[in-house]
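A.B. asks: Structure in structure tokens, see below.
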Amino acid sequence: MKRRFHPYVWAVMLSVLLVLPFQGAAAADANDEAAQLLLNKFGGPIRDFDAARVIWETADNKVLWLYNRADGSQMKVYDAAGTSDIIREAKLSAEGVVYELNTDPSTDIWPRLQSVYSWKNGQAEPIANGEQLFAVRGNGNFAVLTRHTVDLTTGQSREPGYDKTDITADKTVIYTAPSAPVNALALYEALPDGTVTKLASPSAKVQQWNGWTLGYYGPLTDGNNIVYRELVVQNNYSEMKWALRLRSADQTVTTLAVNPWAKGNYYVPDSDYRINNGWVAYTEYNKEQNSWVVNVRSPQGTVKQVFDCPAGWSFYTTPLSINELGPDGTVAFTYNDKSYLHFTSAGKTVAISRSPSVFKYREQELPGPGGTTYRLVAWYRVAGDSLYAVRY
């Protein structure tokens with residue numbers, strides 16, 4: 001079924017949001033240029049939300065609630081009161097909630113608990129022990145854990161690949177794994193029927209350099225294009241670099257950036273690069289200015305710099321992180337103690353808010369003529385226990 005995104009949808013969603021009942025006025029930051037509407041305020045921090053639901057937990061990390069945005073009702077998902085457990089992470093799935101329980105670090109209880117559960121229709125089932133919950137992918141049907149990826153619809157699990165995986169709505173898995181003859185990391189695609197295709201072999205002639213495995217890391221896909229980073233050796237094996245690559249649906253490969261290797265494990269998907277609907281947002285090191293920038297690349301290949309950090313930060317680290325990328329190229333990111341929202345189509349950056357506020361978009365799909373579906377997109381600000389609608 002074909003999915004379409006239309007520019008006018010943003011205005012449609014804003015008109016809907018502005019007639020929603022609200023519980024008070026937003027307390028605006030001194031530099032806040034965006035109009036914001038407080039939608040909900042809870043008794044503890046928000047963990048996740050979508051167009052219909054919100055997960056929030058009490059401030060002591062003991063009780064997890066699922067809130068229905070349509071009628072204001074809520075259901076208790078988990079209650080750790082009276083135990084040594086706390087809720088470390090929780091994310092919405094397509095039909096419920098996936099959450100991780102840990103032993104309260106303030107206790108001396110041993111062995112430590114680390115368990116992941118899938119909850120739906122009032123029932124919780126364990127899906128892993130001794131693993132962390134990182135993400136829910138594939139239209140909310142896959143949980144990505146430390147050592148496994150779990151299909152929440154069937155309960156089946158598989159190893160997630162060397163550096164995690166990304167999963168499309170149709171359950172196609174993109175991952176990296178060692179490849180002969182040198183066992184550097186290659187890029188693979190696994191179809192729902194089990195067919196595995198090697199999409200690309202790394203350019204490395206050796207497996208490792210300075211203790212690092214060469215090849216591909218951290219793939220992300222929008223269902224057509226794949227963005228990933230490659231650890232490469234340059235200048236006659238005298239230095240390593242992180243090359244950010246974009247592989248298009250026709251298998252054309254474009255290098256988006258070449259960043260310092262020294263950033264190491266801090267150079268990661270979602271935080272340093274994202275892809276959506278052909279758009280790519282990514283961070284890049286500007287050697288001449290000794291600063292990091294945020295770039296947005298259009299589906300047609302046009303690259304626009306939307307933010308430039310002040311010079312002087314270390315070449316391997318900076319307090320810069322991409323938080324979200326909308327299907328029209330609108331990008332949310334955080335620098336230092338501020339969160340920014342850049343509307344690429346309007347060429348305007350708005351809503352500068354103090355951390356821990358972050359800007360997120362959510363979408364709904366509605367049926368259209370001829371078997372098409374339309375994506376309705378809206379932007380929000382999540383500020384601890386509060387959820388705001390945002391527009392400019």
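A.B. asks: Between ASN183 and ASP71, what length in nm is gained on full extension when 0.36 nm per residue of separation is reduced by their alpha carbon distance?
C.D. replies: 34.9 nm
A.B. asks: Pick from PRO319, PRO369, PRO202 the residue whose mean-square fluctuation is largest in a GNM of the chain, springs joining Cα atoms under 10 Å.
C.D. replies: Of PRO319, PRO369, PRO202, the most mobile in the Gaussian network model is PRO369.
A.B. asks: Next question, about the same structure. Ranked from highest to lowest mean number of other Cβ atoms within 10 Å per residue, what is the order of the peptides 260-269, 66-75, 36-45?
C.D. replies: My ranking of the peptides, most packed first, is 36-45, 260-269, 66-75.
A.B. asks: Oh, and also: Anyone know which of ASN224, ASN295, ASN276 comes out most mobile in the 10 Å Cα GNM of the chain?
C.D. replies: ASN224
A.B. asks: Moving on. Could you tell me the center-to-center distance, by alpha carbons, between segment 210-227 and segment 100-120 in angstrom?
C.D. replies: Rounded to whole Å, the Cα centres lie 31 Å apart.
A.B. asks: I would also like to ask the following. Hey, rough spin-label estimate for THR197 and ALA81, points 7 angstrom out along Cα→Cβ, what's it come to in nanometres?
C.D. replies: Between THR197 and ALA81, the simple spin-label model gives 5.4 nm.
A.B. asks: Could I ask something else about it? Using label points projected 7 Å from each Cα along Cα→Cβ, tell me how many nm separate ASN235 and THR172, to one decimal.
C.D. replies: Going from the ASN235 label point to the THR172 one covers 3.9 nm.
A.B. asks: With only Lys, Arg, Asp and Glu charged, each at its Cβ (+1 for the first two, -1 for the last two), find how big the charge dipole of the chain is about the Cα centre; round to the nearest 20 debye.
C.D. replies: Charge dipole, the chain, about its Cα centre: 700 debye, nearest 20.
A.B. asks: Using all Cα-Cα distances in the chain, what percent lands in each 20 angstrom bin from 0 up to the longest?
C.D. replies: Pair shares across the bins are 25, 59, 16, 0.
A.B. asks: Based on the Cβ-Cβ distance of ALA35 and GLN364, what FRET efficiency does E = 1/(1 + (r/R0)^6) give at R0 = 25 Å, to the nearest 0.05?
C.D. replies: 0.75
A.B. asks: Can you pick out the pairs among LYS304/LYS348; LYS76/LYS338; LYS287/LYS348 whose Cα atoms lie more than 23 Å from each other?
C.D. replies: Result: LYS76/LYS338; LYS287/LYS348 exceed 23 Å.
A.B. asks: Have a look at PRO111, ALA262, ALA59 and report the one farthest towards the positive end of the charge dipole of the chain, computed about the Cα centre with Cβ charges (Lys/Arg +1, Asp/Glu -1).
C.D. replies: Checking the options against the dipole of the chain, the answer is ALA262.
A.B. asks: Using 0.36 nm per residue, how much length does the chain from ASP385 to GLU89 gain when fully extended, once their Cα-Cα distance is taken away?
C.D. replies: Value of the extension gain: 105.0 nm.
A.B. asks: For segment 273-348, what does the alpha-carbon gyration tensor say about shape, rounded, prolate or oblate, given a ≥ b ≥ c as the root eigenvalues, a/c under 1.5 as rounded, and a/b over b/c as prolate?
C.D. replies: prolate
A.B. asks: In deg cm²/dmol, rounded to 500, what helix-only [θ] at 222 nm does the chain give when every DSSP H run of at least 4 residues adds -39500 (n - 2.57) and the total is split over its residues?
C.D. replies: -1000 deg cm²/dmol
A.B. asks: Additional query: Would you work out the charge dipole size for segment 162-303 about its Cα centre, treating the Cβ of every Lys and Arg as +1 and the Cβ of every Asp and Glu as -1, and quote it to the nearest 20 debye?
C.D. replies: Using Cβ point charges on Lys, Arg, Asp and Glu, segment 162-303 gives about 260 debye.
A.B. asks: How would you classify segment 113-184 from its alpha-carbon gyration tensor, with a ≥ b ≥ c the square roots of the eigenvalues: rounded for a/c under 1.5, else prolate if a/b is greater than b/c, otherwise oblate?
C.D. replies: Note, shape of segment 113-184 comes out oblate.
Throughout, read-outs are computed from the coordinates displayed, never taken from laboratory work. What you see is a predicted model; the values in this text were computed from it and never measured. Here Cβ is always computed from backbone atoms with ideal geometry, including for glycine, and neighbour counts include all displayed protein chains.
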